Structures are given as structure tokens and as C-alpha cells.
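*Asks:* Before I ask anything, let me first share the structure, which is written out below as C-alpha cells.
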């Protein structure tokens, strides 16, 4: 992947090299696989099985969440048995919140498709599109919760080797200028 990052604009490449950028990239892979699984399930539930919007949306989201759960431990480089109280239960609580949003989005998509008189593939494009947009919103919220709360590093060992390449603590900044300045300072020392 370093070759791909080197081909990106410098500012984007530098941002992806931070701990936050690497974590976001790994979670994005998880989200794409999870989205694919849930969209496929949504198609089966709404178009082939003709289930109601709420049930099909929640069921599809649950399939996506199961996929996400299985891959999220890889994304946050967790090894061994998960801590049920600190990781597993909170993950499923956050996921249940996303299920509600996605179930309501599916109901909305079905209503929009029905009012537009859509049938067949066009019908699913409307329903799946609304579901996709809601999934994008929940993706951002889930990433923030997972990165800063659920899977946040709680080691407290300042300067200890971390899980990332090269170990150590990396400075994170929401400002690209601050991140670049921090990198320049490190290169001088």
C-alpha cells in the first residue's frame, strides 16, 4: 500500500500515514465489506422475500453488523479473546442504534419508491440508495465511537511502542498544518 499512498497528493498521503488515517482506512475496508453484505441482504429481504421495510432494514443491518464485528477486531488489531464488557457488549449496543436508523431509512426508501411508482431494479435503487446514505452517516458515527471510545488505546504508557509501524506515539492533529509542523520537528531532531 505504500506505493498507492505515494501516488496520492502529499497532504492526503501524510494524513493517511497518521494513526487516525491508518485506522480510518482499515475501518473503511470493514465498512465496504459490511455494506456489501447488508445491501445484498436488503435486496433479498425487500425484493425477493417482500418483507416490510423495518424488518428488512434491521435484518440487513444485523447481517452487516455481524460482518463488521468479525472484521473490526482485525481493523483495530485486537488479538486474543475480546473483553465482553469493554468491547463486545458496547459494539452491539452501537450496532443496535445503527439498526434502528437503517430500519427507518429502509421504510423511508420503500415509501419514496412507492410514491414514485418504481418497480423492479429502479425500486431497489431507490430503497438501496436511501439505505446507503443512512449507512454513510452511521459509518462516520460508528468510526468516531469505535476509534475514540470503544477501541481507544488505554495503555497510558507514553512513548511505549504502539501497534503501528515504527511503534511510538504519533502526533495526531485535525489541522494539516499542525501535523506537518510536528513531522518537520521530528525530522530535525
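*Asks:* From the list 57, 53, 64, 109, exactly one residue is under 20 Å from the mean Cα position of the chain (by Cα), farther than 14 Å from residue 139 by Cα and buried (at least 21 other Cβ atoms within 10 Å of the Cβ). Which is it?
*Replies:* Only one candidate qualifies: 57.
*Asks:* Hey, residue 114 hits all of (1) assigned to a helix (DSSP H, G or I); (2) touching a residue at least 12 places away in the same chain (Cβ under 8 Å) but one; which does it fall short on?
*Replies:* Only one criterion is unmet by residue 114, namely (2).
*Asks:* Please work out if residue 104 is modelled with pLDDT of 75 or more and over 22 Å from the mean Cα position of the chain (by Cα).
*Replies:* no
*Asks:* Here is a further query. Which of the residues spanning region 50-64 are closer than 20 Å to residue 120 by Cβ and touching a helix residue (DSSP H, G or I) at 6+ places or on another chain (Cβ under 6 Å)?
*Replies:* Within region 50-64, 51, 53, 56, 57, 60 meet the criteria.
*Asks:* Listed residues 97, 129; which is part of a helix (DSSP H, G or I), within 19 Å of the chain's Cα centre (by Cα) and modelled with pLDDT of 95 or more?
*Replies:* 129
The values are calculated or read from the model by the stated rules, or taken from the named source; none is laboratory data. Note that the structure is a prediction, hence the values are computed from the model and not measured. Cβ sites come from the backbone with ideal geometry, for glycine too, and all protein chains shown count toward neighbours.
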